[in-house]
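The values are calculated or read from the model by the stated rules, or taken from the named source; none is laboratory data. Fair warning: this is a prediction, and the values are worked out from it, not measured in the lab. Here the Cβ positions follow ideal geometry from the backbone for every residue, glycine too, while neighbour counts run over all protein chains shown. Side chains are part of the model used for accessible areas, which takes the heavy atoms of the whole protein and leaves out ligands, DNA and RNA. Shrake-Rupley method; radii C 1.70, N 1.55, O 1.52, S 1.80 Å.
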Amino acid sequence: MKLIILDRDGVINQDSDEFIKSPEEWVPIPGSLEAIARLNQAGYRVVVATNQSGIARGLFNIVTLNAIHQKLHIAAQQAGADIDAIFFCPHSADDNCDCRKPKPGMLQDIAARFNVNLKGVPTVGDSLRDLQSGFMVGCVPYLVLTGKGESTRSKGGLPPGTTIHPDLAAVVDHLLKTTSTTSTTSTTSAGVAAA
């Protein structure tokens, strides 16, 4: 199974320092939902892993978060995309939970739910903590420059092997080009071996 793990705010939708607190505030980044559709067409299962400390801070509740995610799912489907699951951490940093990125708990839950080893699985984020949590479980980190991405790049300290792309659509271009090249090489090798 091909799996990819995406952060939400700043990767799929516009980010806000004031948090995304309602469905009305959830606005997709141009091209992001179409990029997810292309991933689906290439056989990827798409999972979202997102810190949502706005719940712990009392800025919105679980009902509102569900409404935001319902809007995300509907918008994705209208673009021909399918998101398999959305994992979220509702805690604040002070709660010292295992699921809040940069800790790897949420990604470990994804691995358990989908019964996969995350080694080599692409993870896409706009903040250092997104990349760190993925790197800790063997994911390949991709930084996008949307959301907090420019600031994250300028601060440095990215996990080894992180590649940087303008947005999710560019990450998908890269992944599909790489996959296509690998498939062509494999097919050619198999053809040579058979001959």
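Remarks
- Qualifying GluC sites (Glu not before Pro) for the stretch 1-94 [loop in DSSP, other Cβ within 10 Å: at most 11]: Glu18
- Coupling constants for the stretch 34-46 follow from the phi torsions by the Karplus curve (6.51 cos²θ - 1.76 cosθ + 1.60, θ = phi - 60°), and in residue order they are 5, 5, 5, 4, 5, 4, 4, 4, 8, x, 7, 9, 10 Hz; glycine and proline get x.
- Within the chain, longest stretch clear of exposed trypsin sites (Lys or Arg not before Pro) (DSSP loop, no more than 13 other Cβ within 10 Å): 120-195
- Rounded to whole Hz, the Karplus (6.51, -1.76, 1.60) HN-Hα couplings of the stretch 68-82, x for glycine and proline: 4, 6, 5, 4, 4, 4, 5, 4, 4, 4, 5, 8, x, 10, 9
- Rounded to the nearest 10 square angstrom, His165 shows an accessible area of 20 square angstrom against a 1.4 Å probe.
- Taking amide H atoms as placed 1.01 Å from N in the peptide plane, the amide H of Leu3 lies under 5 Å from those of Arg45, each 5 or more residues away in sequence or on another chain.
- Calculated [θ] (222 nm, deg cm²/dmol) that DSSP helices of n ≥ 4 give over the chain, each run adding -39,500 (n - 2.57): -13000 deg cm²/dmol
- In Å², nearest 10: area of Met136 left accessible to a 1.4 Å probe: 120 Å²
- In this structure, the amide hydrogen of Asn13, modeled 1.01 Å from its nitrogen in the peptide plane, lies closer than 5 angstrom to those of Ile29, counting only residues at least 5 positions away or on a different chain.
- Across the stretch 128-135, computed HN-Hα scalar couplings (Karplus, 6.51 cos²θ - 1.76 cosθ + 1.60, θ = phi - 60°) run 4, 5, 4, 5, 5, 4, x, 4 Hz from first to last residue, x flagging Gly and Pro.
- Cβ-based charge dipole, the chain, positive-most Cα from Gly120, Cys89, Val171: Gly120
- Dipole magnitude of the stretch 1-153 about its Cα centre (Cβ charges: Lys, Arg +1; Asp, Glu -1), debye to nearest 20: 460 debye
- For Ala85, residues with placed amide H under 5 Å, excluding near neighbours: Val48
- Here the accessible area of the stretch 68-124 is 44 percent carbon and sulfur, with a 1.4 angstrom probe and all protein chains present.
- Cβ screening of the chain for cysteine pairs under 4.7 Å finds these without a partner: Cys97, Cys139.
- Cut-off 9 Å between beta-carbons: net charge of the residues surrounding Val124, Lys and Arg +1, Asp and Glu -1: -3
- Remark: the chain is approximated by an ellipsoid whose semi-axes, taken from the C-alpha gyration tensor as √(5λ), come to 29, 18, 16 Å, largest first.
- Note that the chain presents 48 Å² accessible area per residue, ligands and nucleic acids not counted, probe 1.4 Å.
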